[in-house]
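Here is the structure we will look at.
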Amino acid sequence: MAPAAALGIVRHKVSSEDWIMRGILGAIALYLLVAIVLPLYALLSKGFQDKDGNFTGLDNFTEFFTTPALSQSVANSLTISSISTVIVVSLAFVYAYALTRSCMAFKSLFKGIALIPILMPSLLPAISLIFMFGKQGFLTFMLFGNEIYGPIGIVMGEVIYIFPHVLMIILISMSMSDGRLYEASQSLGAGPVRTFFTVTLPSIRYGLVSAGFVAFTLIITDFGVPKVVGGQYNVLATDVYKQVIGRQDFEMGAVVSMVLLVPAVIAFAADRIIQRKQVAILTARAVPYAPTPSPRFDAIMTAYCALVGIVIVGILSVAMFASLVKFWPYNLSLTLANYDFSLRDGGGGDSYFNSVKMASWTAVIGTCVIFTGAYLVEKSKGFLAGRAAMQFLVMMPMAVPGLSLGLAYIFFFNHPGNPLNFLYHTLPILVICTITHFYTVSHLTAITALKQIDNEFESVSASLKVPFYKTFWRVTVPICVPAILDISMYLFVNAMTTVSAVVFLYSPDTALASVAVLNMDDAGEQASAAAMGIMIVLTAGGARLLHAVLTRGLARRTQAWRKR
């Protein structure tokens, strides 16, 4: 047999450090296997079984599509998601256009206002809409005889809730414009309209399409808004809840979850394909685009952003005011009684502290696991098959709706034969589920930061016989401090506001604030539900303020190298 060198085969000697890195990467991969792959398998298996666990083929799916009330939910979900997506992308596009293409004043203020809904559980804007447009709302007349309970309310609530998510994607796309293209357009005599259709839209088309798919996925999988204002208008997300909680029909709940999984996976796959087709817009010779002042245009854009900002602030203000009145709308005197959660159904005051505890553990543990995994995927050498498998695993959570993931955890962790059964109905399983649910975005954030670091750092460290963990701790972590703080803040805020992923997993001892909002709204205690929602907003807002202070303080110590 010819020598390996003669065949052009270069064998990489696996060192002890390589084995350690592979072991850590394998442990994280094992976590994802247990946290996402096996529960999904349990969910898929349940959809093909009867109540006794016997295989029934497609009988459950046949029952679903032949039951008018259930099959109609598919059409309702697609309709609501499509309409809401078109509206929210259009509104966010104009808002982003105003922030990037005009010389309007108070841009930072308007951007901050637009991000307020991120701090809210999706239930809170829906509750505010009831106080505004419900049967006893002060703006009910604006619906011209229509009810807020149904498709109108769902669309309104989803547009408000999804707006900041879509806006950030479009803002990033618009901020990448090359100013030379606009200068060339003006030199050729093109007017503003022609420049818009020949320069602006083509340069951001992939960002717009990506924003559309993200919006569609978030809307069709959202549970909070349709639960509060959906009324008798059934959608897939609420059907899952009704089948599991209302009828205790776990098999049909699994079927509905699988049906809900299909559009989410399709939208996710389409978004990934679109992102791969995107090409670089900025080159080394690109010139940042600088808008020119236009008093009339700037005034119009300011008025538009002010109108949208008033709506967003109004939603939050109504919820805050409703949480402070004695009895809406008959006794509007102020009181703090609604914040005494010990007298309310839904989890009491302990639910708030459970949420803070769960969010804190999610941020700390999740950031450590996710950033370490991203580092090993991006910076380790060899082990190509294992790293490729890891990349596949970390992308899976993005395509799985929270309700489907939560239901999958019931089937997997609550199984008597599962040695991990002891985790069910505990705080750790809530932490595991939340980390898994938001793993993908955090991983991509870490990868983006790590790609900006030259691989020569690892090569030089290896040549100097410096252990990889010292390079990781002394070089990589300090450089990536901003990204690490962003990941921890993303996990904390989402852990405080999430409903769908944890609504099936809590126990009386581990009830969460977001679930307490749902339970109090179900019990008709909407003022207390609004109060708990405000507590979540204030906590998330305080965390973001702390994040800003830490980012600025740590940046002085770890990012001084960025300044000349």
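All of the numbers you see were taken from the coordinates with simple rules; none came from a lab. Only a predicted model underlies this, so the values are computations on that prediction, with no experimental measurement involved. In this analysis, Cβ positions are derived from the backbone assuming ideal geometry, glycine residues included, and neighbour counts consider all displayed protein chains.
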Cα-based Debye curve of the stretch 20-139 sampled at q = 0.10, 0.18, 0.23 Å⁻¹ gives log₁₀ I(q)/I(0) of -0.74, -1.08, -1.26
Divide by every residue of the chain the summed helix terms, -39500 (n - 2.57) for each DSSP H run of at least 4, and state the resulting mean residue ellipticity at 222 nm, rounded to the nearest 500 deg cm²/dmol.
-21000 deg cm²/dmol
Given R₀ = 56 Å, what would the calculated FRET efficiency be for Ser333 paired with His415, taking r from the Cβ atoms and rounding to 0.05?
0.60
Restrict the search to the stretch 89-175; then list the chymotrypsin sites (Phe, Trp or Tyr not before Pro) that DSSP places in a loop and that have at most 12 other Cβ atoms within 10 Å of their Cβ.
Phe144
Relative contact order of the chain: what whole-number percent is it, with Cα pairs under 8 angstrom and at least 6 residues apart?
21
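Would you please give the FRET efficiency between Leu538 and Ile172, computed as 1/(1 + (r/R0)^6) with r the Cβ-Cβ distance and R0 = 22 Å, to the nearest 0.05? Let's see the in-between values first.
On the way: r = 28 Å, r/R0 = 1.28.
The pair Leu538/Ile172 has a calculated efficiency of 0.20.
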Along the Cα→Cβ direction, 7 angstrom out, place labels at Asp59 and Ser15. What is the inter-label distance in nm?
6.0
If amide H atoms are built 1.01 Å from N in the plane of the peptide, which residues on other chains or at least 5 residues away come under 5 Å of the amide H of Val325?
Thr335
Relative contact order, percent, the stretch 338-480 [alpha-carbon distance under 8 Å, six or more residues apart]
29
Per-residue Cβ neighbour rank within 10 angstrom, fewest leading, Thr510, Thr85, Thr440:
Thr440, Thr510, Thr85
Where in the stretch 101-118 does the label zone of Ser294 land, with the point 7 angstrom along Cα→C-beta and an amide N cut-off under 16 Å?
101-105
Report the label-to-label distance for Phe144 and Met320 in nanometres (one decimal), using points 7 Å from each Cα along the Cα→Cβ vector.
3.3
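Determine, for each peptide in 519-528, 320-329, the mean count of other beta carbons within 10 angstrom over its residues, then list the peptides with the highest first.
In descending order of packing, they fall as 519-528, 320-329.
Quick one: if the Förster radius is 51 Å, what FRET efficiency do Tyr41 and Ala306 give, using the C-beta to C-beta distance and rounding to 0.05?
The pair Tyr41/Ala306 has a calculated efficiency of 0.50.
What size of dipole, in debye to the nearest 20, comes out for the chain about its Cα centre when the only charges are +1 on Lys and Arg C-beta atoms and -1 on Asp and Glu C-beta atoms?
2400
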Size descriptor, Kirkwood hydrodynamic radius, that averages inverse alpha-carbon separations across the chain, Å
25.7
Take each uninterrupted DSSP H stretch in the chain, measure its Cα extent along the helix axis, and return the ones at 20 Å or beyond whose mean Kyte-Doolittle hydropathy is at least 0.0.
16-32, 68-101, 151-174, 201-221, 250-277, 295-322, 350-379, 481-497, 526-558
Can you give the extra length, in nm with one decimal, that the chain gains between Asp249 and Gln391 once fully stretched, where that is 0.36 nm per residue apart less the Cα-Cα distance?
47.6 nm
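For each of Ile83, Ile536, Ile154, count neighbouring Cβ atoms within 10 Å of the residue's Cβ, then give the residues from fewest to most.
On the way: Ile83 16, Ile536 26, Ile154 32.
The order, fewest Cβ neighbours first, is Ile83, Ile536, Ile154.
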Taking a ≥ b ≥ c as the square roots of the eigenvalues of the Cα gyration tensor of the stretch 67-330, is the shape rounded (a/c under 1.5), prolate (a/b larger than b/c) or oblate?
oblate
Violating pairs (Cα-Cα greater than 28 angstrom) within the set Lys111/Lys357; Lys51/Lys357; Lys111/Lys135; Lys326/Lys357; Lys111/Lys470; Lys135/Lys242:
Lys111/Lys357; Lys51/Lys357; Lys111/Lys135; Lys326/Lys357; Lys111/Lys470
Report the extension gain between Val475 and Phe422 in nm, rounded to one decimal, defined as 0.36 nm multiplied by the number of residues separating them, less their alpha carbon distance.
15.1 nm
If I model a spin label at Asp340 and Cys368 as a point 7 Å from the Cα along the Cα→Cβ vector, what separation in nanometres do I get?
4.1
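Give me the net charge for the shell around Phe371: Cβ to Cβ below 14 angstrom, other residues only, Lys and Arg +1, Asp and Glu -1.
Values: positive: Lys379, Lys451; negative: Glu378, Asp486.
Computed value for this residue: 0.
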Full-extension gain between Lys51 and Cys103, please, as 0.36 nm times their residue separation minus the C-alpha to C-alpha distance.
12.4 nm
